[in-house]
1. Per 0.36 nm of contour for each residue apart, how much would the distance between VAL11 and VAL148 grow if the chain were fully extended, relative to their Cα-Cα spacing?
2. When DSSP beta bridges are limited to those with both residues in segment 191-331, what percentage is antiparallel, rounded to the nearest 5?
3. Relative contact order for the chain: what is it in percent, counting Cα pairs under 8 Å that are at least 6 residues apart?
4. Given a cut-off of under 8 Å on Cα pairs at least six residues apart, what relative contact order in percent is computed for segment 126-260?
5. Here is the link list: LYS232/LYS285; LYS164/LYS232; LYS6/LYS164. Which ones come out longer than 23 Å on Cα distance?
6. Sorted from largest down, give the three principal axis spans of the alpha carbons of segment 282-337, whole angstrom values.
7. Please state, as a whole number in µm²/s, the translational diffusion coefficient that the Stokes-Einstein equation yields for the chain at 4 °C and 1.567 mPa s, with Rh defined as the Kirkwood radius across alpha carbon pairs.
8. For segment 1-125, with only Lys/Arg (+1) and Asp/Glu (-1) charged at the beta-carbon, what is the dipole magnitude about the Cα centre, in debye rounded to 20?
Amino acid sequence: MRLLLKGTAVVAGLTHVAFLTLFHWAGVEAMAIINVASVLCYVWTFWLAHTGRMGLCWLVTALEVLTHAILAVWVIGWGSGFHFYILLVIPVAVITDFRPLALKVLVVSTLTVIYLGMDMLLLRRDPLVALPTSVLDGLHYFNVLGTVLILIFLAGYYHYLMSKAEANLRAMATTDPLTQLSNRRAVIEAIRDEESRMQRAQSQMSFVLCDLDHFKLVNDTYGHDAGDEVLKAVSRVLSDGVREVDHLARWGGEEFLLVLPGAGTLEAQMVAERLRQRIEALRVKVGHEELHISMTFGVSARHPDETSENTISRADQALYEGKHAGRNRVVLGVQASAPVLQA
Ligand code: GH3
Ligand code: MG
Ligand code: MG
């Protein structure tokens, strides 16, 4: 925002230097003086933006546009087209965060009344200074073009801000803040996409559900922050160990889900075993100590006639069995029985 206001001050300042030169050359000294004041205004707004006084910067910029437009149209006439710039302040006022809202309504309606008032009073009134037609036409088209360019810029900038805000919200809604992995909601969406791809390509898909062993003990012994460090380190090892096409998510507290599109039972078991060994080899530094950790893995391949939820349940059941069998191991979920044909 600071950069935008500084940029506006520079562009507007330089444009007014050009106006100043033009009016001095055309012998309209009153307008040249007005433009000297405008240039000084933009030096001030640049300084205000630089020192972070945004509210005052907006106010001075808006007042300069308004005063300059009124004086220019009054001195050299409606045909000069300086009144268009007042119309530009209206959308800017609408999208600016005024508090209270009544202030916004007041600013927008005041600008509208000023514009209409000027239109009624000055449209058919002779200007104080009659410029040569060619100079007046040149100014008119310059101002029309300037207004269109500023409108395009404002709309484009607003669109850019909206897209950025939307992308940020989307990232926040789909990312786990601690590990930066996808969250449960995001991976469920990814599973839906993979399901339809799987149906089209008639390919396989497997799930690996893994859970840290005795993690409560880590928290209880070394504290919650140390537990968080372990979760982050484990997330890094897991994400380094999977392919680009796989989906890894934090499924719950210390439980992770890996979706392996195109992988069957054997491949999924191999991936899980590789990850298990890497986690077993991991050392997480907590103070002066190095923590050893392990994980238990449940693996299941999706049967074409079952839902992904069922396949994940089988991986969960396998994980549960792995815990009971002594942890730090990979267990394959029992294959779903073939669907019984209904009579
Ligand atoms: P098991 O081997 O049977 O899985 O035992 P466990 O201790 O890992 O399992 P349990 O379900 O008893 O404990 C899980 C612990 O994970 C308890 C909970 O406080 C902790 N936990 C969950 N989310 C977080 C988190 O974001 N940060 C930290 N530090 N701990 C978490
Ligand atoms: Mg656990
Ligand atoms: Mg758990």
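Where a number appears in this text, it was derived from the coordinates with a stated rule and is not lab data. Small disclaimer: the values here were computed from a predicted structure and weren't measured. Here the Cβ positions follow ideal geometry from the backbone for every residue, glycine too, while neighbour counts run over all protein chains shown.
1. Values: separation 137, 0.36 × 137 = 49.32 nm, distance 1.52 nm.
Gain in length upon complete extension: 47.8 nm.
2. DSSP beta bridges in segment 191-331 are roughly 90 percent antiparallel.
3. Once normalised by length, the contact order is 12 percent.
4. Numbers: 91 pairs, mean separation 36.1, N = 135.
In percent, rounded to a whole number, it is 27.
5. As for pairs spanning more than 23 Å Cα to Cα, those are LYS164/LYS232.
6. Reported extents, whole Å, longest axis first: 52, 20, 12.
7. 50 µm²/s
8. Roughly 240 debye, rounded to the nearest 20.
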